[in-house]
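K.L.:
Have a look at the structure that comes next, please.
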Amino acid sequence: MSDRIYLQRCIACHAEFDLDKRLYVCSHCDGLLDIDRREEIAIDTASLSELWRTRKSSLDARDRSGVWRFREFLPFADDVEVVSLGEGNTPLYDAPRSADYCRLPQLELKHQGCNPTGSFKDTGMTVAVTQARQLGAHFVACASTGNTAASLAAYAARADLPCAIIVPGGQVSHAKLAQALDYGAKVLEIEGNFDVCMNVIRELSEDGSVYLVNSINPFRIEGQKTVAFELAEQLEWRVPDHLVMPGGNLGNSSAFGKGFRELLQSGLIDRMPRITVVQAAGAAPFARYYADDSHGAFVNEQHPKTLASAIKIGAPVSWPKALRAVSETGGGVITVTEQEIADAKAVIGRDGIGCEPASATTVAGIRKLVSDGVIKENESVVAVLTGHLLKDTDYVMQYHSNSLVAPDNTPIAGNFANHPIKTSASIDSIKSVLSAS
Ligand code: F0G
């Protein structure tokens with residue numbers, strides 16, 4: 001049934017393909033694929049938003065998922081058997097210390113790290129693995145800097161599908177690897193960075209023996225776009241002036257762009273937020289491309305470098321979709337330094353929220369945008385935190401003990417460091433520590 005309503009369409013040459021055609025890019029021109037409705041439908045926005053709200057109190061697993069709750073916008077028949085871990089429904093936090101740090105009166109953080117495996121990947125993976133089952137795939141696989149791997153491993157286990165993940169050896173945080181191992185994935189560590197892993201997995205999936213679920217797969221984007229729906233709902237369908245997110249392989253920014261575009265087209269919102277993507281300065285091919293007004297060929301970064309290992313990516317596959325999201329919303333693409341990421345991360349922690357390093361590019365970026373006058377004091381701003389604080393505790397411990405060193409060997413100052421304090425077990429010495437400022 002969904003096949004009649006939806007299709008896959010190339011964003012470059014507009015070639016159309018049925019949904020059950022197992023493709024990752026256009027078979028004519030290699031362009032990225034969108035999943036679109038064959039024709040627009042009229043929507044009663046008031047009753048649809050009311051239906052979505054009431055589903056939250058239902059006991060149906062699909063209604064309790066923050067992704068499948070919005071299934072009127074997902075390319076599946078209503079009775080599809082979903083592979084879900086109760087993803088989505090993540091908090092939107094008020095973050096006064098982070099706001100202060102950015103010199104804003106208010107800042108809200110949408111914490112995607114509160115998903116079942118601790119990152120935003122789950123919102124896309126529930127849909128991609130559901131589609132894998134629909135297609136009768138026997139093996140699912142991805143390349144990953146760690147979070148996609150953890151997420152796929154979990155959803156594949158739920159679907160009882162064998163799964164392989166390809167990761168850059170020695171470059172993935174132990175927490176993320178531990179998740180993938182525990183969920184039973186075949187973990188292949190290869191020599192080379194994420195971009196090498198991505199090339200290998202794309203080649204591996206060409207003969208159809210494995211189903212690829214990196215964000216080049218348009219079904220991943222369908223799941224991730226629902227975060228825009230959830231965010232708009234949390235803001236009572238008022239759109240923030242600015243939405244800021246980290247950029248690595250650029251699936252997330254592509255998905256937010258698509259989500260807000262669909263909300264606008266259907267009349268659920270009346271404008272788009274300005275989407276800004278923030279990259280680490282040492283892994284910023286998209287920022288470089290965007291800054292070059294000639295918009296010539298996209299040049300990959302051969303040796304991406306950042307301690308924010310989740311976004312250590314030099315050849316982002318989804319850049320054309322991300323470019324569309326940024327351009328059509330009047331947003332931008334900027335970079336932040338390793339020191340700025342580390343400090344912003346510690347400040348987000350002080351709000352009692354915390355996140356992994358890649359996510360902190362957002363608050364670091366917002367601070368910069370405010371000081372450059374791009375974000376005005378009276379504008380509303382939401383930052384998307386993509387991963388949980390516990391995803392990379394080595395980084396946290398090193399920052400707080402002043403031993404974090406950037407990839408170019410520059411020491412990172414622990415400007416907001418909070419050292420552990422060694423003390424004797426005597427009440428007097430503990431009291432003296434507690435009373436010290
Ligand atoms: N933040 C975190 C925590 C991530 O894990 C990633 C990507 C990003 C941001 C960037 O998102 O790629 O959609 O632009 N991690 C991927 C992975 C690449 O394999 O886990 P993006």
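K.L.:
Cα axis of helix 357-371 to longest principal axis of the chain: angle in degrees, 0 to 90, nearest 10?
P.N.:
Helix 357-371 sits at roughly 80 degrees to that axis.
K.L.:
Sort out for me the Cα centre separation of the range 281-315 from the range 119-172, rounded to whole Å.
P.N.:
Using only Cα atoms to place each centre, the spacing works out to 25 Å.
K.L.:
M245 accessible area, nearest 10 Å², 1.4 Å probe?
P.N.:
For M245, solvent-accessible area is about 0 Å².
K.L.:
Taking 0.36 nm per residue of sequence separation and subtracting the Cα-Cα distance, how much length would be gained by fully extending the chain between S437 and T423, in nm to one decimal? Working shown, then result.
P.N.:
Working: separation 14, 0.36 × 14 = 5.04 nm, distance 1.58 nm.
Extending this stretch completely gives an extra 3.5 nm.
K.L.:
Strictly over 31 Å apart at the Cα level, which of K56/K121; K186/K368; K56/K258 would you flag in this model? Let's see the in-between values first.
P.N.:
Details: K56/K121 21 Å; K186/K368 41 Å; K56/K258 23 Å.
As for pairs spanning more than 31 Å Cα to Cα, those are K186/K368.
K.L.:
Shifting gears a bit: What is the sum of charges around D94, taking Lys and Arg as +1, Asp and Glu as -1, for the other residues whose C-beta is under 11 Å from the C-beta of D94? Working shown, then result.
P.N.:
On the way: positive: R97; negative: E108, D351.
Neighbourhood net charge equals -1.
K.L.:
So what's the net charge close to D60: Lys and Arg +1, Asp and Glu -1, counting the other residues with Cβ under 12 Å from its Cβ?
P.N.:
+3
K.L.:
What three numbers, in Å, describe the spread of the alpha carbons of the chain along their principal axes, ordered from the longest?
P.N.:
Over the chain, Cα extents along the principal axes are 73, 52, 48 Å.
K.L.:
Could you give the angle, 0 to 90 degrees to the nearest 10, between helix 319-329's Cα long axis and the longest principal axis of the Cα atoms of the chain?
P.N.:
Value to nearest ten degrees: 80.
K.L.:
Moving on to the next point. Indicate the gyration tensor shape class of the range 211-289 (rounded, prolate or oblate), computed on the Cα atoms with a ≥ b ≥ c the square roots of the eigenvalues: a/c under 1.5 is rounded; otherwise a/b larger than b/c is prolate and the rest oblate.
P.N.:
On the way: a/c = 2.52, a/b = 1.37, b/c = 1.84.
It comes out oblate by the Cα gyration axes.
K.L.:
Run lengths n ≥ 4 of DSSP H only: what is the helix-derived mean residue ellipticity at 222 nm for the chain, with -39500 (n - 2.57) per run over all residues, to the nearest 500? Walk me through the numbers on the way to the answer.
P.N.:
On the way: 16 runs with 168 residues, N = 437.
That calculation yields -11500 deg cm²/dmol at 222 nm.
K.L.:
Determine the sum of side-chain charges near R69: Lys and Arg each +1, Asp and Glu each -1, restricted to other residues whose C-beta is under 12 angstrom from that of R69. Don't skip to the answer; put the middle values down first.
P.N.:
Values: positive: R53, R55, K56, R62, R64, R71; negative: D60, D63, E72, E87, E230, E233.
Within the 12 Å Cβ shell, the charges total 0.
K.L.:
Compute the acute angle (0 to 90°) between the alpha-carbon long axis of helix 45-55 and the principal axis of greatest extent of the alpha-carbon atoms of the chain; round to the nearest 10°.
P.N.:
Computed tilt is about 60 degrees.
K.L.:
Now for a separate question. Would you kindly state the longest site-free stretch of the chain, with sites defined as trypsin sites (Lys or Arg not before Pro) in a DSSP loop (not H, G, I, E, B) surrounded by at most 16 other Cβ atoms within 10 Å?
P.N.:
Details: sites that count: K21, R22, R38, K56, R103, R238, R271, K305, K376, K422.
The longest such stretch corresponds to 104-237.
K.L.:
Also: Excluding residues fewer than 8 places away in the same chain, name every one of the lysines whose C-alpha is closer than 16 Å to that of K422.
P.N.:
K431
K.L.:
Identify the GluC sites (Glu not before Pro) of the range 133-233 meeting these criteria: DSSP loop state and at most 14 other C-beta atoms within 10 Å of the C-beta.
P.N.:
Values: sites: E189, E191, E203, E206, E222, E230, E233; in loops: E191, E206.
Listed in order of number, the matching sites are E191, E206.
K.L.:
Moving to a separate point now. Of all the accessible heavy-atom surface of the range 76-117, with the other protein chains kept in place and a 1.4 Å probe, what percent is carbon and sulfur? Don't jump to the answer; show the numbers that get you there.
P.N.:
Values: 760 of 1840 Å².
Ligands and nucleic acids excluded, carbon and sulfur reach 41 percent.
K.L.:
List the aspartates and glutamates whose alpha-carbon lies under 16 Å from that of K110, not counting same-chain residues fewer than 8 positions away?
P.N.:
E87, D94, D122, E230, E233, E236, D241, D351, E356
K.L.:
Can you work out the accessible area per residue across the chain, with the rest of the protein chains kept in place, probe 1.4 Å, in square angstrom?
P.N.:
On the way: 18170 Å² over 437 residues.
In whole numbers, the chain has 42 Å² accessible per residue.
K.L.:
Also, I was wondering about something else. Could you calculate the contour length gain from D270 to D372, that is, 0.36 nm times the residue separation minus the distance between their Cα atoms, to one decimal place in nm? Write out the running numbers ahead of the final one.
P.N.:
Working: separation 102, 0.36 × 102 = 36.72 nm, distance 2.73 nm.
Using 0.36 nm per residue and subtracting the Cα-Cα distance, I get 34.0 nm.
The values are calculated or read from the model by the stated rules, or taken from the named source; none is laboratory data. Predicted model, so just to flag it, every value in this text is computed and none were measured. Don't worry about glycine lacking a Cβ; one is built from the backbone with ideal geometry, like all the others, and counts go over all protein chains shown. When the accessible area is computed, the model is the full protein with side chains, heavy atoms only, and any ligands, DNA or RNA have been set aside. Shrake-Rupley method; radii C 1.70, N 1.55, O 1.52, S 1.80 Å.
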